[in-house]
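I have placed the structure first, in the form of structure tokens, so that the comments after it can refer back to it.
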Amino acid sequence: MYTKSNKEIYRFKVFQEIEEEKEVDVEKEVDVEKEIEVEKTRKKEDGTEEKYKDKEKRKVKEKQIVKEKRTETKKLEHTFVIKQPTRRQMEEADMEYSIEMSKCVKQGVLTKAMLMNKYSDTGGMLSESDANKLSAMYGELGELQTEVTQLTMQSANNEANEAKRKSIGENMATLRKAIAVAETNFSALLNHTADSKAQNKVIAWYLLNLTNQEKDGELEPFFSGNSFADKQMSLYTMEENEDELLSIVYDKLTAFISFWYFSAAASHDDFKDLEKDIDEGSL
């Protein structure tokens with residue numbers, strides 16, 4: 001069973017509509033052939049008529065219970081749980097980030113800091129002071145992320161660590177907002193930096209490794225496989241097969257994992273508000 005030792009980031013439900021063909025009992029008027037008694041007239045030998053009763057088969061309407069096939073729409077409830085990553089998982093995710101960053105840089109993809117410096121050096125869209133300020137914010141954000149990771153990997157029962165992690169998370173949220181404002185005019189360019197590609201890779205890693213589905217009170221990984229590559233293949237196969245449940249839940253999973261990744265101090269109520277916005281189409 002799911003216990004307190006297996007901590008959750010967020011638990012939510014989705015509903016899948018399926019059509020089922022069932023046989024149902026229906027009362028209907030049907031034509032049936034029955035032997036019924038009818039009154040007839042005949043002539044007697046003396047020429048007079050007499051009435052008599054006889055039986056004959058006739059079709060009559062009769063109410064009967066018959067079986068009919070009906071298509072019914074049924075709602076299936078599915079419970080998904082995004083689990084808290086273990087220390088091992090966080091270390092593996094950090095390694096994936098570093099590997100992707102290194103690979104991108106080797107392939108000539110610029111980091112955000114390099115891109116900002118490039119525009120500053122060539123007198124492009126950013127002034128030198130703006131580029132330096134943005135680079136400094138990136139550096140500060142990276143330091144805070146490292147600190148949060150270290151605190152998270154330490155004892156979860158340490159109240160001092162938890163309070164510090166929450167405070168750092170709030171600072172990170174403020175810093176990310178400031179960066180988002182500064183990056184608005186350059187979002188198209190920044191989406192193709194090594195940082196963004198590595199960031200997307202680690203979010204995908206968390207999504208594939210932290211997503212579980214509850215079945216009969218037990219949690220089962222939604223994406224099958226032992227390695228990240230196996231789980232990726234599981235996702236690709238589900239997409240190619242147009243898996244209906246995946247299409248229902250994927251956007252929510254991506255939104256929740258991204259929100260958790262970028263908001264270290266997000267509360268359960270924050271996730272509920274986010275889910276409400278998704279369901280209402282506000283996002």
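The values are calculated or read from the model by the stated rules, or taken from the named source; none is laboratory data. Bear in mind that the values here come from a model prediction, so they are computed numbers and not experimental data. Note that each Cβ is placed from the backbone with ideal geometry, even for glycine, and that neighbours are counted across all protein chains shown. The accessibility values were calculated without ligands, DNA or RNA, using every heavy atom of the protein model including side chains. Shrake-Rupley method; radii C 1.70, N 1.55, O 1.52, S 1.80 Å.
Among the residues that make up segment 214-223, is at least one of them assigned to a helix (DSSP H, G or I), touching a helix residue (DSSP H, G or I) at 6+ places or on another chain (Cβ under 9 Å) and open to solvent by 20 Å² or more (accessible area, probe 1.4 Å)? No.
Hey, among Leu144, Leu151, which residue is surrounded by 10 or more Cβ atoms within 10 Å (Cβ to Cβ), at pLDDT below 90, within 27 Å of Lys201 (Cβ to Cβ) and touching a Lys or Arg at 6+ places or on another chain (Cβ under 6 Å)?
Details: Leu144 fails: touching a Lys or Arg at 6+ places or on another chain (Cβ under 6 Å).
Only one candidate qualifies: Leu151.
Would you say Phe256 is among the aromatic types (Phe, Trp, Tyr) and either over 15 Å from Leu208 (Cα atoms) or in contact with a Lys or Arg (Cβ under 9 Å, 6 or more places away or on another chain) (or both)? No: the conditions fail for Phe256.
Against the numbered list (1) under 22 Å from the mean Cα position of the chain (by Cα); (2) open to solvent by 20 Å² or more (accessible area, probe 1.4 Å); (3) over 30 Å from Gly108 (Cβ atoms), Lys166 comes up short only at (1).
Using the structure shown, decide if Ile18 is open to solvent by 100 Å² or more (accessible area, probe 1.4 Å), among the aliphatic types (A, V, I, L, M), under 60 Å from the mean Cα position of the chain (by Cα) and more than 30 Å from Asp270 (Cα to Cα). Spell out how you get there, then give the answer.
Working: open to solvent by 100 Å² or more (accessible area, probe 1.4 Å): no; among the aliphatic types (A, V, I, L, M): yes; under 60 Å from the mean Cα position of the chain (by Cα): yes; more than 30 Å from Asp270 (Cα to Cα): yes.
Against the criterion (open to solvent by 100 Å² or more (accessible area, probe 1.4 Å), among the aliphatic types (A, V, I, L, M), under 60 Å from the mean Cα position of the chain (by Cα) and more than 30 Å from Asp270 (Cα to Cα)), Ile18 does not qualify.
Consider Tyr250 carefully, then state whether it is outside any strand (DSSP E or B), in contact (Cβ under 8 Å) with a residue 40 or more places away in the chain and crowded, with 16+ Cβ neighbours inside 10 Å. Walk me through how you get there before you give the answer.
On the way: outside any strand (DSSP E or B): yes; in contact (Cβ under 8 Å) with a residue 40 or more places away in the chain: no; crowded, with 16+ Cβ neighbours inside 10 Å: yes.
So Tyr250 fails the test.
With respect to Lys53, determine if the residue is closer than 22 Å to Glu220 by Cα and in contact (Cβ under 8 Å) with a residue 12 or more places away in the chain.
No, not satisfied.
For segment 41-63, indicate whether the set of residues that are open to solvent by less than 100 Å² (accessible area, probe 1.4 Å), closer than 30 Å to Ile257 by Cα and either modelled with pLDDT of 80 or more or of a type in the set (Phe, Trp, Tyr) (or both) is non-empty. Looking for residues that are open to solvent by less than 100 Å² (accessible area, probe 1.4 Å), closer than 30 Å to Ile257 by Cα and either modelled with pLDDT of 80 or more or of a type in the set (Phe, Trp, Tyr) (or both), one finds none in segment 41-63, hence no. Look through segment 253-262, keep the residues that are in contact (Cβ under 8 Å) with a residue 24 or more places away in the chain and not β-branched (Val, Ile, Thr), and return whichever of them is most open to solvent (accessible area, probe 1.4 Å). For segment 253-262, the residue satisfying everything is Phe262. For segment 71-114, which residues satisfy the criterion of being assigned to a helix (DSSP H, G or I), among the hydroxyl-bearing types (Ser, Thr, Tyr) and open to solvent by less than 60 Å² (accessible area, probe 1.4 Å)? Correct list: Ser102 only. Entry remark, segment 231-243: residues being open to solvent by 90 Å² or more (accessible area, probe 1.4 Å) and either outside any helix (DSSP H, G or I) or touching a strand residue (DSSP E or B) at 6+ places or on another chain (Cβ under 7 Å) (or both) number 2 in total.
All of Leu190, Leu208 fail the test of being modelled with pLDDT under 80 and either over 22 Å from Asn132 (Cα atoms) or open to solvent by less than 10 Å² (accessible area, probe 1.4 Å) (or both), apart from Leu190.
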